[in-house]
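Derivation of every value follows stated rules applied to the coordinates shown; laboratory data play no part. Keep in mind that this is a model prediction, so the values were computed, not measured. No Cβ is skipped: glycine too gets one built from the backbone with ideal geometry, and neighbour counts run over all protein chains shown.
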Amino acid sequence: MEARKRSRDSSAEPSNSTRALREMLQCPVCYCMMAPPITQCQQGHALCSSCYACVGKCPTCRVELPEAPIRSLALEQLAASLRAVSYTHLTLP
């Protein structure tokens, strides 16, 4: 019984890998956790859609951003799955 309680308590804390994923999903402009739709430059650097609309160049590589946003579907799926895990463990970002 004690082992079950310990494992349940430790699951409430985000793991190192979960923290790393959250950092990867942090917008480099506003520092908020990105949620779909997540956009990217032609080189694959991600930023949130709100910041994409406000900046003219990628904040990472300084390449001009195309007028039509490029979506990062893989990061969108990752963000959605991370939010599902957060809801499960009651540790919302």
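Count charges around Cys41 for me, please; just the other residues with Cβ under 11 Å from its Cβ, Lys/Arg as +1, Asp/Glu as -1.
The answer is +1.
If amide H atoms are built 1.01 Å from N in the plane of the peptide, which residues on other chains or at least 5 residues away come under 5 Å of the amide H of Ile70?
Excluding prolines and chain starts, which carry no amide H, the hits are Gln40.
For the pair Ala20 and Cys54, how long in nm is the line joining their label points, each one 7 Å along Cα→Cβ?
3.0
5 Å is the cut-off here: which amide hydrogens, built 1.01 Å from N in the peptide plane, fall below it relative to Gln26, excluding neighbours closer than 5 in sequence?
Met34
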